[in-house]
Amino acid sequence: IHDRMAALLSAAEMRRMAAPVVHMRAASIADTLVVGAGFAGAVMAERLASAGQKVMVVDRRPHLGGNAYDEHDDAGLLVHRYGPHIFHTNSDDVLRYLSRFTAWRPYEHRVLSLTERGLVPMPINRTTLNRMFSLRLADEETTQAFLASLAEEVGEVISARDFVVASVGSRLYEALFRGYTVKQWGVDPSELDRSVTARVPTRTSADDRYFLDRHQCMPAAGYTRMFENMLDHPNIVFMPSTDHADVPRARFRHTVFTGPVDAYFNHRFGALPYRSLIFEHETRDVEFAQPVATINYPALDTPYTRCTEFKHLTGQSHRRTSLCRERSSAEGEPYYPVPNLANQALYKRYEALADQEPDMTFLGRLGTYRYLNMDQVVGQALAAARRLTEGSLARVRA
Ligand code: FAD
Ligand code: UDP
C-alpha cells in the first residue's frame with residue numbers, strides 16, 4: 001500500500017500521513033481528487049468510483065462524514081460531534097441511494113420551545129396557539145381564522161422577519177423567532193432572507209412533528225458507519241487530516257471541491273460570511289433529561305439556541321444520557337452560509353470564477369454557499385456525478 005501511495009505522494013506528503021488512514025486500497029494514480037468527506041464528497045467519490053474512476057478523498061478533519069460525523073462518547077452514548085443531524089427527505093431517489101449503505105431506524109423529530117408560557121411545540125401548530133393565547137381552537141377552520149386575525153400587513157415579504165410577522169403577527173414573532181434568530185445569526189431577522197424562517201412554517205393542524213417529509217429516519221448504526229460503507233470501495237483512497245492545499249493538484253484530471261468556495265479563491269472578492277457554532281456536550285446521570293429530542297431557547301438572556309438529547313434520535317438504551325447545547329458565533333469553522341441579498345451577490349461573483357475553472361466541480365453547503373439539508377446535498381451530488389460520468393463516457397466514445 002505504501003509503495004502505491006508513494007507513487008502519488010512526495011516524501012513530504014507521506015510524512016504528513018502520520019494520521020491513521022482509514023481506507024487505502026487505491027491503484028497507483030487517481031483520476032479525481034475529492035476535497036471534503038461529507039455528504040457532497042462521499043457521494044461523489046462513491047459514484048465516480050463505481051463508474052470505474054480512481055478517486056482520492058481528502059479531508060482536513062481527522063475523520064470522514066463532514067458535519068454529520070457521529071461517534072460514541074466516553075459514556076458509550078452515540079452523539080453527533082457537530083450538532084444534531086436528523087435525516088428527512090421527500091426524494092425517493094435520495095433515500096434509495098443511501099439505503100445501499102445503511103439500514104434505517106424510523107424517527108420523527110419533535111421540538112419544544114421554552115417561552116413565558118412554558119414549553120410549546122415548534123413549528124407553531126394549533127397546540128402552540130392554544131397555549132400561547134389560552135384558547136381552545138379545535139379544528140383547522142377556526143385555527144385558520146385565528147391566524148388570519150394575527151397576521152400583519154408587511155408589504156412584500158422579503159426578510160426572515162417579514163415571513164413570520166406576515167403569517168403569525170408580532171407577538172409570536174417576538175416570543176418564538178426574534179431572539180432565537182438574533183442569537184443564531186448575529187443580525188436582526190430583518191437582515192436575513194425570508195427563506196431562513198420559511199424553514200419552519202406555521203400549521204393549522206395539531207401535527208407536532210418538526211418535519212413533514214415523507215421519509216424521516218436515522219441511519220440504524222449511525223452516520224459514520226454509513227459513510228464508511230460509502231467509501232469502502234477498491235477505487236477509493238481516503239486520507240483524513242489532509243488539507244487540499246497540501247495535495248498536488250496536477251496529479252488529478254478532475255477535482256471536486258466541497259470546502260468554502262471563497263477560501264478556494266483566496267477570498268479574492270472578500271470573505272463570504274458564515275455562521276459558526278460552539279457545541280457544548282454534556283452527559284447526565286439520568287436516563288432521560290428532556291421530554292423531546294430538542295428544546296429551543298428563544299430568550300435572549302439564554303446564551304444558547306437549543307439543546308438536543310441524542311437518545312431520542314438514536315433509540316439507544318442507556319442508563320445515562322448525553323446532550324448538546326449550541327451557541328452561535330461569527331468566528332470559527334464555517335457551518336452556515338448566511339442567506340441575504342448582499343451575500344448572494346458576492347457568492348455569484350465566486351460562482352462565475354468557479355464556472356471558469358476547467359476540471360473543477362464545486363459542491364455542497366460550503367462549495368455552493370447554500371443553506372442545504374443533507375438530502376439536498378445528496379441530490380446535488382448525485383446530479384453532478386451523473387453529469388461527470390456521462391461526460392467521461394462521451395469522451396471515451398469519442
Ligand atoms: P460538510 O459536511 O461541511 O463537509 C465538507 C468537508 O470538507 C468538511 O468535513 C471539511 O473538513 C472539509 N474541508 C473543507 N475545506 C477543506 C480543505 N481545504 N481541505 C480538506 N478538507 C476540507 N441537515 C439535515 O438534513 N438535517 C439536520 O438535522 C441538520 N442539522 C444540522 C445541524 C447543524 C448544527 C449543522 C451545522 C448542519 C445541519 N444540517 C442538517 C446540514 C448538514 O450538515 C449539511 O447539509 C451537510 O452535512 C453538508 O454536507 P457537505 O458535504 O456539503 O459539507
Ligand atoms: N427559528 C426560530 N425559532 C425557532 C426555530 C427556528 O427563530 O424556535 C428560525 C431561526 O432563524 C433558525 C431558522 O428559523 O435559524 C431555521 O430553523 P431550523 O430549525 O431549520 O435551523 P437549523 O436546524 O438549520 O439550524
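Ordered from longest to shortest, the equivalent ellipsoid semi-axes for the chain are 40, 24, 19 Å, each the square root of 5 times a Cα gyration tensor eigenvalue.
Classified by the C-alpha gyration tensor, region 111-199 has an oblate form. Its axis ratio a/c, with a ≥ b ≥ c, is 1.5 or above, and a/b does not exceed b/c. Semi-axes of the equivalent ellipsoid of region 123-252 are 43, 22, 12 Å, computed as sqrt(5λ) over the eigenvalues of the C-alpha gyration tensor in descending order.
Our summary gives region 44-156 a relative contact order of 9 percent, counting only alpha carbon pairs under 8 angstrom and 6 or more residues apart.
If you filter region 65-161 for trypsin sites (Lys or Arg not before Pro), then keep DSSP loop positions with at most 14 other Cβ within 10 Å, what is left? Answer in residue order: Arg100, Arg117, Arg136. For the chain, the relative contact order is 25 percent, taking Cα pairs closer than 8 Å that sit 6 or more residues apart in sequence and dividing their mean separation by the residue count. Straight-line cross-link reach from Lys183 at under 16 Å between alpha-carbon atoms covers no lysines, not counting any fewer than eight positions away in the same chain. Computed from Cα atoms, the angle from the helix 160-172 axis to the main principal axis of the chain rounds to 30 degrees. Counted residue by residue at 0.36 nm each, then reduced by the alpha carbon distance between them, the extension gain from Glu287 to Arg117 reaches 58.6 nm. Sequence gap at least 6, Cα distance under 8 Å: using those rules, report the relative contact order of region 111-199 to the nearest whole percent. Computed over region 111-199, the figure is 22 percent. Helix 374-397 and the long axis of the chain differ in direction by around 30°, with both axes built from C-alpha atoms. Secondary structure note: in the chain, about 65% of the DSSP beta bridges are antiparallel. Put simply, the Cα atoms of region 320-374 extend 52, 26, 19 Å along their principal axes, the longest span coming first.
Just so you know, all these numbers are worked out from the coordinates, no wet-lab data involved. Computed from a prediction, not measured in an experiment: that's the story for all the values here. Heads up, the Cβs are rebuilt from the backbone with ideal geometry, glycines too, and the neighbour counts pull from every protein chain shown.
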